[in-house]
Amino acid sequence: MAFEGLADRLQNTIQKIKGKGKVSEQDVKEMTREVRLALLEADVNFKVVKDFVKKVKERAVGQEVMESLTPGQQVIKVVKEELTALMGGDESKIAVADRPPTVIMMVGLQGAGKTTTTGKLANLLRKKYNRKPLLVAGDVYRPAAIDQLETLGKQLNIPVYAEGTEANPVDIVNNAMEKAKEEHLDYVLIDTAGRLHVDNELMDELIQIKGNVNPDEVFLVVDSMTGQDAVTVAESFNEQLDVTGVVLTKLDGDTRGGAALSIKAVTDKPIKFAGMGEKLDQLEVFHPERMASRILG
Ligand code: GDP
């Protein structure tokens with residue numbers, strides 16, 4: 001599971017201050033120094049770390065006194081609140097269009113887990129929210145991507161709209177919208193093409209699809225194993241496409257996780273879901289507070 005190293009270090013740090021009946025400025029200084037190192041070691045973006053530590057320090061030194069908590073516990077509460085805020089504050093909801101279908105466009109680099117996540121999300125929408133989704137094969141460059149989506153659709157018993165590799169993605173999406181309306185489906189999930197690196201051609205196509213279909217959500221799928229690259233990728237997709245949310249994949253893996261933790265702070269877009277495995281039911285709604293509790297123990 002991701003964040004293990006970070007969790008160990010932060011829990012150690014917290015342990016030292018926990019029982020203190022009095023917390024001096026020096027104690028706060030030492031604690032924030034350790035928190036800073038722990039975050040940097042976990043690969044959290046350095047600017048994000050700097051802001052985080054500054055906020056914790058300010059609040060922990062001038063903290064509001066609560067009689068129910070010891071000063072040590074109050075400092076820990078500050079750390080937890082700031083860690084929650086760093087990951088996005090409240091759990092964010094998924095859009096619902098005034099007139100169905102709600103359109104969700106999935107974007108991201110090849111290998112990030114876009115196609116799998118599209119299937120997982122359709123599964124979650126049906127299971128948890130009782131919605132009827134349609135999967136759309138908008139990646140016309142890789143025949144394997146279309147096959148993969150069709151296989152996912154069969155496994156999940158969810159319809160897939162595909163036109164093969166010859167058609168234009170904008171036309172495919174328009175035709176898929178017609179089908180969704182005719183068949184009274186609630187969600188249209190568009191799997192789009194990815195590349196190994198961000199490039200202009202890819203972005204132009206995505207911008208075109210977005211302009212044409214005007215999606216209710218644009219979810220950026222990011223591989224949490226890719227370290228600081230994930231932050232750079234998120235910045236550039238967000239600049240061009242103004243994404244509405246992020247899905248972090250592979251959080252079940254042995255990643256330090258810090259880059260993933262930086263994405264919300266850098267893009268100011270919420271993390272909506274977390275991929276916790278390869279199986280189709282291993283997508284979770286992302287709860288910043290629960291994740292902060294998991295990390296801080
Ligand atoms: P795409 O190129 O972005 O469409 O990526 P795919 O959906 O084909 O996924 C690439 C690989 O990552 C596949 O082997 C998936 O099974 C795997 N994958 C996707 N999400 C997760 C996840 O949350 N956890 C793990 N462990 N593997 C994942």
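The values are calculated or read from the model by the stated rules, or taken from the named source; none is laboratory data. From a predicted model like this one, the values you see are computed outputs, not experimental measurements. Cβ atoms come from the backbone with ideal geometry, glycine included; neighbour counts cover every protein chain shown.
Here are the numbers:
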quantity	calculated
Unmet requirement for A230, which otherwise passes all of (1) within 14 Å of the ligand (Cβ to nearest atom); (2) out of contact with any Lys or Arg (no Cβ under 7 Å at 6 or more places or on another chain); (3) in contact (Cβ under 8 Å) with a residue 40 or more places away in the chain	(3)
Filtered residue count, region 199-227, keeping only those that are within 16 Å of the ligand (Cβ to nearest atom), under 19 Å from V170 (Cα atoms) and among the polar types (S, T, N, Q)	0
Criterion violated by K128 - all others in (1) at pLDDT 95 or above; (2) part of a helix (DSSP H, G or I); (3) of a type in the set (D, E, K, R) satisfied	(1)
Out of V221, V266, sole residue that is touching a residue at least 24 places away in the same chain (Cβ under 8 Å), surrounded by 21 or more Cβ atoms within 10 Å (Cβ to Cβ) and under 23 Å from M203 (Cα atoms)	V221
Residues of region 253-270 satisfying the condition of being of a type in the set (A, V, I, L, M, F, W, C) and touching a Ser or Thr at 6+ places or on another chain (Cβ under 8 Å)	A259, A260
Sole exception among (1) closer than 18 Å to I295 by Cβ; (2) touching a residue at least 24 places away in the same chain (Cβ under 8 Å) for G108, by number	(1)
Subset tally (residues that are surrounded by 14 or more Cβ atoms within 10 Å (Cβ to Cβ), within 13 Å of the ligand (Cβ to nearest atom) and either of a type in the set (S, T, Y) or more than 21 Å from E183 (Cβ to Cβ) (or both)) for region 126-150	5
Contacts under 6 angstrom Cβ, first residue in region 117-128 being under 16 Å from P159 (Cβ atoms), partner modelled with pLDDT of 95 or more and part of a helix (DSSP H, G or I), 6 or more apart	G119/L152; N123/L156
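A quick yes/no check of all residues on (1) under 11 Å from T117 (Cα atoms); (2) within 13 Å of the ligand (Cβ to nearest atom); (3) among the acidic types (D, E); (4) surrounded by fewer than 24 Cβ atoms within 10 Å (Cβ to Cβ):
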position: V247; (1), (2), (3), (4): yes, yes, no, no
position: D252; (1), (2), (3), (4): no, yes, yes, yes
position: T255; (1), (2), (3), (4): no, yes, no, no
position: A259; (1), (2), (3), (4): no, no, no, no
position: G277; (1), (2), (3), (4): yes, yes, no, yes
position: E284; (1), (2), (3), (4): yes, yes, yes, yes
